[in-house]
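Peer 1: Attaching a single structure in structure tokens format; questions to follow.
Read-outs throughout are calculated quantities, based only on the coordinates presented, and are distinct from any laboratory measurement. Computed from a prediction, not measured in an experiment: that's the story for all the values here. Cβ placement follows ideal geometry from the backbone for every residue including glycine, while neighbour counts extend to all protein chains displayed.
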Amino acid sequence: MRFCYRLDSVSVTSSDGHVLDQAGDRRQLIERILRTADELERRARALPVVLVLATRAGALRVSGRERVLIGRDRRCDIVLSDRRVSRFHAALVRSRGHWFIEDLGSRNGTRCGGKRLARRLLEDGDVVEIGEELIRVRLHVQ
């Protein structure tokens with residue numbers, strides 16, 4: 001399919017040279033584009049996203065987990081020794097192919113981009129602040 005741009009409109013030419021400019025053809029084209037977009041979105045959601053956390057102590061790759069606890073308690077997956085960190089401070093949660101950070105009711109809060117949060121979708125490159133600890137988030141598609 002080839003797109004031909006004009007100043008006042010866009011016409012689409014099929015591979016056999018047929019110009020799709022009638023209402024029915026446009027409707028079919030729009031439906032096909034929407035089906036393709038839906039399929040691409042479905043495939044993207046199916047790809048596993050690996051979470052990598054970088055701290056002063058090093059990098060931690062999180063895979064095969066749906067929830068990662070962060071806090072001072074030894075039962076947490078990521079243990080931080082800062083006194084401003086609650087025993088169970090925050091959780092990283094995977095939901096529908098995305099990673100979120102949730103504050104678990106901590107006294108001093110969890111911040112991302114300098115803003116206190118309750119729950120937030122994590123994006124590649126985010127820096128999460130928990131107490132004095134800065135955690136850089138890296139998201140990689142496998």
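Peer 1: Tell me, what HN-Hα J-couplings in whole Hz come from the Karplus equation 6.51 cos²θ - 1.76 cosθ + 1.60 at θ = phi - 60° for each residue of segment 56-73, using x for Gly and Pro?
Peer 2: With the stated coefficients, segment 56-73 comes to 4, 7, x, 10, 10, 9, 10, 9, x, 10, 9, 8, 10, 8, 10, x, 7, 5 Hz.
Peer 1: Can you tell me the FRET efficiency between residue 118 and residue 59 if r is taken as the Cβ-Cβ distance and R0 is 22 Å, rounded to the nearest 0.05? Could the numbers behind the result be given before it?
Peer 2: Details: r = 27 Å, r/R0 = 1.21.
After rounding, the FRET efficiency stands at 0.25.
Peer 1: Determine the equivalent ellipsoid of segment 34-142 by diagonalising the alpha-carbon gyration tensor, then write out the semi-axes as square roots of 5 times the eigenvalues, largest first, rounded to whole Å.
Peer 2: Working: eigenvalues 152, 38, 29 Å².
Each semi-axis is the square root of five times an eigenvalue, giving 28, 14, 12 Å.
Peer 1: If each of residue 136 and residue 29 carries a label point 7 Å out from its Cα toward its Cβ, how far apart are those two points in nm?
Peer 2: 4.5
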